[in-house]
Each structure stands twice: as structure tokens, then as C-alpha cells.
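S.K.: The following block contains the structure, expressed as C-alpha cells.
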Amino acid sequence: MSKVLLVHAKGGPPLGHVLSRTAAKAEVHLLALSALPPAVAGSARRLCASVMTPAGAHRSDLVSLIVARAEAVGADAVLTFSEYAVVAVAEACEALGLAGAGGASALARDKRLMRRTWQRHGLPQPEFRPVGTEADLHAAARSLPGPLLLKAAWSAGSTAHQIIRSPHEVPAAWARSCDVMAESARLGYAELHVAEADADYVVEQIVTGTASDWFDEPGWGDYVSVEGVVANGTFHPVCLSGRMPTVEPFTERASITPAPLARDAQDRIVDLARRAVDALGLRDCGTHTEIKLGAGGSMWLIETAARFGGAMTVPQIEEVFGLDLVGMLVDHLLGHPVAWPEQALTPARARGAAGSLVVLAVDGRGRAWQDRKVWDFPAVSADIPLSRGSRLSVVEESSLADGRVVPVYDPAAGANTMAALCLLSAADARTVLRDFETLVDALPRVLPAAQPEEVSA
């Protein structure tokens, strides 16, 4: 039986989903760079031939660590689904002579390199400037049309985002982003391979999105993601996922598969995603490309990742389109033939719809809850009425345990302050969207109030 070394770190699809699909294809050896979620620790040890958790002293050269472990277990493929380990795994695959994202993986990780590459290829994107100091940010704020968005170049999950509306806001924005990146690193949500990556930033113009020119009904966010894969250097789009509007500054609240777009609109979006991925020169990996939608058919590239979308994007695709993307990618990396979709799948091919909701302590208008609440999924599932036939579940490994106090939403920390991740299945994408709106509005009403001693603890 073929052997796979799976490198686990924070982020990406739920580990339980990834492990079960990988174990169905090969003997799995797990290299855990982050602690295993308690909800899947037991199943991980049952499904894996070995589980290694390296001590900090042995992680200074992550590529060498991965190479050594792959050689020790005789791995025929090495892969990761975490944004923070993509570059290290790609470089390890290069050293081992195995299929992987390739030497260009950093272009899909460092937002400065990504935007420069797209700029050379003439692809539509916001105006931007790389920044490494507060002085750089002051200079960029003087030269770029505002408002501006400051991003950490190696971040994920909308962490360290700061909106800058005037030059006098630069010092506070810079200080806050630096503080958030330091805290994210402490929590394990940071680049694992590139030294001092938390010092790299990019600032860009905030372009105006217009969802109403693309969707037939209100409530949709003004951006979508194109899920796909690169196999032997060829991009294969799989499908599109839609979004609810983000929470300020640009924290994602929900992803819904499929995106209910007209065929010609989907084709134009997929064409831009293809050009974006091709420009980066990736070789063998999943891809996740986010695109901002504007008026009159205008579009701007947000970012591309050399891995599948995080949260529940991959399980959503499996439920709606019947594609096991994890298993298909494992097969491909092992050299087995895989029948990738010939073109991006449309809503007409979908079996219902599925979406994932990030529970944040903000209402439908993005305003903070007035009182602190305790997470209680049984109360949510029992007391919030959903559409007939809709099914709601909680992703335990990505959620607080029942009884824990919901964190206060921090705009700069983004998804780091989420309380839970919920999955909802329904008859169509419109129903998922409406049910999510119902959930968001009802959560502060049905969740129990936190007691003072719980908040202080």
C-alpha cells in the first residue's frame, strides 16, 4: 500500500475529514506541527500508521524535518492542507523528488509576490504597495487613493487587516496589525517556515464591489471563490462558492456552495481565476482563488492559495457535487489517474446546497452583541427555526465546547475570535443564505447569557 506523509498545522479543512479521506487511499503518517484537536485525536491515532509531534528544537529547519520524516516512513507523497505549511511542504517535495506545488509556491503565499506577479501579467487587482515599516505605510498612504486596507503578507483568515481612511490613522493601524500578528503567532496561526514573515505587509486600495450586478437576489457578498486544482501544471476549476457580506473590516462570515450565478458570469469568473493561477506557475496542488465582483462586469483578484479552501469548503463540495477532493488529490500525488471535471461545475449539477457559517459575536449589520454569551449548540439547534428540510450541525474540532464564553469580536483579529463553525445543508443556495441570516439574527437571543465569573475566567 502507498504511504502518505500528511503535515498538519492550524487552518484548512477539518482534520477529521482530511484524515478519513486520505486513509481510504493510502497508509497515513501524520506529522503534527500543531496540537491535534481533541475531537479527532482518538480517530487520528486509529487511522494513522504513525503520529509524530516534533519538539520545538527540532522544528527550526522545517523543510529538513519534513524530508527526514518522509524518508523515515518511506512516503510516496507528502501533502498539507494548511496555509501555514504550504511553502515548507512544497520545498520538501522538491527535495524529495515528489509531486507538489513546486518552487513557485511562495507566489501563492506571500501577498507581495503574488500581486507583483499578477501586475506583470496585466491582471486586474487593486492598486497596492509592499510595506515593511511604518514609514513605508505613511509613504503608501500618500501615494495610493484611499480608503486603504493594510494586510499582513503571510496572514490568513483576515487576521491583521486594518482599514486606513486617512493618513493620521497610519500609526495606530500599523501598531495594531503588528500586535495581532504577534498574538496570532502565539496561537499557532502564522507562517511556519519563512523567518520573520510577520514583518511583511502589503497595503492596497479598497475597491467597490457590487453584488447586485451578479446575483439575482439580495443578501450575497460581493466576492466569490473558485475552487480548483493544478495537476501537472494544468489548472482544473471545480466549482464556485458564494459568500455572505463580510464583517468589517473584511472578516468572512459564511461560504455557500454552489454560487448561484448565471452561466456566462461563472465562465468569466473562472477565466480570470485560470489566468491568475497560470500566472503563478503552480504544479500539483489544490487551489482557492478569491475574486471581488464589481459593477458592469468588472472584477479584481483578491488572492490565490496553493491549497484547497479552508473551513468546510471541501466537505461542502463533496456533499453538493459528490467529489472527494482530498482523495482525488492524494490519488494524483501518488501517480494514479484522476478524472478532474472538464469545466467548473454549475448549480444545475448540484445536489442541493451546503454552507459553513463562522459564529462571531456580531449581528447581521456587523454590530457587536450587547451582552456576553455562552456557546450552546443544543440551544441553537432547538430554538432557531430553519427552512423545511434544512440540516444544521456543528464542526466540533473547529468550535468552542458548549458552555464556553463566546469571544468578543475583534476586527483586527478576524477569524481568530470565532466561537464556532456550523455546517448547513439545504435544498438550494438561496435557502442556505436565508437560513444563515436567520441564525445570525437569532444567536444573541437564544444563546445563554454569560455570568460575570465565566467572563473573568
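Nothing in this text is a laboratory measurement; each read-out follows from the coordinates by a stated rule. Keep in mind that what you see is a predicted model, and the values were worked out from it rather than measured. Don't worry about glycine lacking a Cβ; one is built from the backbone with ideal geometry, like all the others, and counts go over all protein chains shown.
S.K.: Please list the radius of gyration and Dmax for the range 149-265, considering alpha-carbon atoms only, with Å as the unit.
M.R.: Taking only Cα atoms of the range 149-265, I get Rg and Dmax of 17.1, 49 Å.
S.K.: If you build the Cα gyration tensor of the chain and take the root of 5 times each eigenvalue, what three semi-axes come out, in whole angstrom, biggest first?
M.R.: The answer is 30, 27, 25 Å, longest axis first.
S.K.: Residue separation times 0.36 nm, minus the C-alpha to C-alpha distance between residue 53 and residue 178: what's the value?
M.R.: 42.1 nm
S.K.: Continuing with the same structure: Would you list 422, 48, 285 from fewest to most Cβ contacts within 10 Å?
M.R.: The most exposed by this proxy come first: 48, 422, 285.
S.K.: Under 25 Å from the Cα of residue 25, which lysines turn up, not counting those fewer than eight places away in the same chain?
M.R.: 3, 10
S.K.: Whose amide H sits under 5 Å from the amide H of residue 372, counting only residues 5 or more places off or on another chain, with H placed in the peptide plane?
M.R.: So residue 372 has HN proximity to 450.
S.K.: Follow-up question, since we're still on this one. Around residue 349, what is the net charge, scoring Lys/Arg as +1 and Asp/Glu as -1 over all other residues with Cβ under 15 Å from its Cβ?
M.R.: My count for the surroundings of residue 349 gives -4.
S.K.: Further question on the same structure: When the expected Rg is taken as 2.2 N^0.38 Å, what fraction or multiple of it is the alpha-carbon Rg of the range 127-205?
M.R.: Ratio of Rg to 2.2 N^0.38 Å for the range 127-205: 1.03.
S.K.: Next question, about the same structure. Which whole-Hz ³J(HN,Hα) couplings does the range 175-182 yield from phi under the Karplus relation 6.51 cos²θ - 1.76 cosθ + 1.60, θ = phi - 60°, glycine and proline marked x?
M.R.: 4, 5, 4, 5, 5, 5, 5, 5
S.K.: Each residue of the range 227-236 in order: what ³J(HN,Hα) in whole Hz does its phi give by Karplus 6.51 cos²θ - 1.76 cosθ + 1.60, θ = phi - 60°, with x for Gly and Pro?
M.R.: 8, x, 8, 10, 10, 6, x, 9, 7, 10
S.K.: Determine the gain in length on full extension of the stretch residue 349-residue 268; use 0.36 nm per residue of separation and subtract their C-alpha separation, reporting nm with one decimal.
M.R.: Net length gain for the segment: 27.3 nm.
S.K.: Can you give me the pair-distance distribution of the range 308-358, C-alpha pairs, 5 Å bins, whole percents?
M.R.: Result returned by the calculation: 4, 18, 25, 25, 17, 7, 3, 0.
S.K.: Separate question: In the neighborhood of residue 404, defined by Cβ-to-Cβ distances under 15 Å, what is the net charge if each Lys or Arg adds +1 and each Asp or Glu adds -1?
M.R.: Local charge sum for residue 404: -4.
S.K.: Report the Cα-based extents of the range 3-98 along its three principal axes, largest first, to the nearest Å.
M.R.: For the range 3-98, the Cα spread along each principal axis is 32, 26, 21 Å.
S.K.: Taking θ as phi - 60°, what are the ³J(HN,Hα) couplings along the range 314-323 by the Karplus curve (6.51, -1.76, 1.60), each to the nearest whole Hz, with x for Gly and Pro?
M.R.: So the Karplus estimates, Gly and Pro as x, are 5, x, 4, 5, 5, 5, 7, 10, x, 9 Hz.
S.K.: Using alpha carbons only, what's the Rg to Rh ratio of the range 210-304 with Rh from Kirkwood?
M.R.: Result for the range 210-304 is an Rg/Rh of 0.97.
S.K.: Here's something else I'd like to know. Give me the net charge for the shell around residue 231: Cβ to Cβ below 11 angstrom, other residues only, Lys and Arg +1, Asp and Glu -1.
M.R.: Charge balance near residue 231 sits at -1.
S.K.: Something else about it: Regarding the range 211-453, what's the average projected area of the Cα-atom convex hull, expressed in nm²?
M.R.: Answer in nm², one decimal: 13.4.
S.K.: Then there is this: If you find the alpha carbon centre of the range 123-172 and of the range 1-56, how far apart are they in angstrom?
M.R.: 37
S.K.: For the range 131-151, list residues with backbone N below 14 Å from a point placed 7 Å from the Cα of residue 248 toward its Cβ?
M.R.: So the set is 147-148.
S.K.: Once you have the Kirkwood Rh of the range 242-285 from its Cα pairs, apply Stokes-Einstein at 25 °C and 0.890 mPa s and quote D in µm²/s.
M.R.: 194
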